[in-house]
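The values are calculated or read from the model by the stated rules, or taken from the named source; none is laboratory data. All of these numbers come straight from a predicted model, not from anything done at the bench. We place every Cβ from the backbone using ideal geometry, glycine too, and count neighbours over all the protein chains shown. We work out accessible area using only protein heavy atoms, side chains counted, and drop any ligands, DNA or RNA first. Shrake-Rupley method; radii C 1.70, N 1.55, O 1.52, S 1.80 Å.
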Amino acid sequence: MSGEELTEQETALYDRQIRVWGVDAQRRLSKSHIFVSGLKGTAVEFCKNIVLAGVGSLTLNDDNPVTPEALAANFLIPFDENMGGGGSLADLCCDSLKDFNPMVHVSVEKGDLSSFGVDFFEKFDIVVISCCSLAAKKSVNEKCRKLSKKLAFYSVDCRDSCGEIFVDLQKYCYVKKKADETDECQLDYPSFEEAIAIPWRSLPKRVSKLYFAMRVVERFEEVERRKPGETSIADLANVLKLRNELCLAHSLNESQIPDTLLERLVVSTKEFPPVSAILGGILGQEVIKAISGKGDPLKNFFFFDAVDGKGVIEDISTS
């Protein structure tokens with residue numbers, strides 16, 4: 001990111017934020033470039049938050065057409081009888097986000113996420129993908145890691161009233177303040193593929209049940225060649241069977257992945273707007289931390305379940 005100073009207009013517009021996190025953090029934000037693919041409710045909440053925060057540019061990727069389900073979860077889509085007039089989700093969200101903050105350059109990148117090569121991601125500082133397949137998460141994360149620059153990768157998923165955020169900052173250095181002292185800290189992050197490959201028996205006993213449940217559903221969709229969220233009550237028996245097989249392979253008690261939790265994830269695949277708002281807020285906060293280098297970053301999974309109202313951070317890594 002460039003070391004240019006804030007303009008007079010930027011300083012005036014972001015005055016309140018500068019008072020909170022400082023002019024250097026705001027300068028870094030204003031020079032950052034962010035890519036977001038998959039524009040459902042949670043990703044849209046995130047986009048709104050970072051545009052208001054004043055990032056340099058935001059590139060949107062989602063060629064899907066507007067559907068009644070998208071209208072219900074995406075407040076950036078203007079309602080009309082023509083279902084968005086034939087534009088893609090990215091096109092319509094782009095137009096709305098420009099109105100939130102004209103100083104942020106918002107654009108659209110057409111094409112399937114899987115078609116973008118390593119060099120495509122070179123121009124970004126942050127990559128966020130939402131509601132993507134297991135293969136897409138592994139692939140995009142790996143492409144980000146192949147670059148010579150350190151690029152922060154995030155994936156976010158929301159199913160009904162449950163949500164998950166994954167973070168990969170690679171080797172990340174940040175400043176931590178304690179009283180009058182300032183400490184420089186470093187964290188080593190695993191890739192998504194490395195993290196989920198860790199045997200379940202090796203994880204702490206109190207790991208969130210949602211972590212295991214998400215892996216089961218993710219694996220089921222991969223085996224059955226389904227798109228994320230393409231499940232129904234008719235699939236529950238096979239999902240439970242896969243749960244039993246994975247638990248046996250990992251020496252994990254099946255009670256760690258309750259039938260009721262899997263049923264919620266399989267049957268209620270739509271995003272619950274209040275949970276989307278929470279996840280989008282947390283994700284926005286974490287991206288601002290990563291860009292500014294201030295504050296303890298999340299390592300490396302965050303889970304939220306509206307049933308108990310708890311947000312849980314889990315460090316799923318070998319270090």
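Some notes on this structure:
- Only residues that are crowded, with 16+ Cβ neighbours inside 10 Å, more than 28 Å from Asp112 (Cα to Cα) and not aliphatic (A, V, I, L, M) were counted in the range 224-249, giving 2.
- Every pair of residues 6+ apart whose Cβ atoms lie under 6 Å, when the first sits in the range 250-275 and is touching a residue at least 24 places away in the same chain (Cβ under 8 Å) while the second is among the charged types (D, E, K, R) and loosely packed, with under 14 Cβ neighbours inside 10 Å: His250/Arg201; Ser251/Arg201
- Here Thr59 meets each of (1) in contact (Cβ under 8 Å) with a residue 40 or more places away in the chain; (2) out of contact with any strand residue (DSSP E or B) (no Cβ under 9 Å at 6 or more places or on another chain); (3) polar (S, T, N, Q) with one exception, condition (2).
- Verdict on Asp180 being out of contact with any Pro (no Cβ under 6 Å at 6 or more places or on another chain) and open to solvent by 20 Å² or more (accessible area, probe 1.4 Å): yes
- Subset of the range 172-219 (residues that are under 26 Å from Glu263 (Cβ atoms) and polar (S, T, N, Q)): Ser208
- Taken together, the residues in the range 172-200 that are without any contact (Cβ under 8 Å) to a residue 40 or more places away in the chain and in contact with a helix residue (DSSP H, G or I) (Cβ under 7 Å, 6 or more places away or on another chain) amount to 0.
- Within the range 279-290, the set of residues being under 21 Å from Ser37 (Cβ atoms) and either modelled with pLDDT under 95 or open to solvent by 10 Å² or more (accessible area, probe 1.4 Å) (or both) comprises Gly281, Ile282, Gln285, Glu286, Ile288, Ala290.
- The range 198-223 - residue that is β-branched (Val, Ile, Thr) and crowded, with 17+ Cβ neighbours inside 10 Å and, of those, farthest from Ser139 (Cα to Cα): Val207
- So Ala195, is it in contact with a strand residue (DSSP E or B) (Cβ under 7 Å, 6 or more places away or on another chain), modelled with pLDDT of 95 or more and either closer than 20 Å to Ile316 by Cα or surrounded by fewer than 18 Cβ atoms within 10 Å (Cβ to Cβ) (or both): no
- For the residues Phe116, Phe153, the requirement of being aromatic (Phe, Trp, Tyr), closer than 30 Å to Ser268 by Cβ and without any contact (Cβ under 8 Å) to a residue 60 or more places away in the chain singles out Phe153.
- Strands (runs of 3 or more DSSP E) wholly inside the range 71-175 that include at least 2 residues being surrounded by fewer than 17 Cβ atoms within 10 Å (Cβ to Cβ): 105-108
- Among the residues making up the range 18-45, those that are part of a helix (DSSP H, G or I), in contact with a helix residue (DSSP H, G or I) (Cβ under 7 Å, 6 or more places away or on another chain) and either of a type in the set (A, V, I, L, M, F, W, C) or modelled with pLDDT under 90 (or both) are Ile18, Trp21, Ala25, Leu29, Val44.
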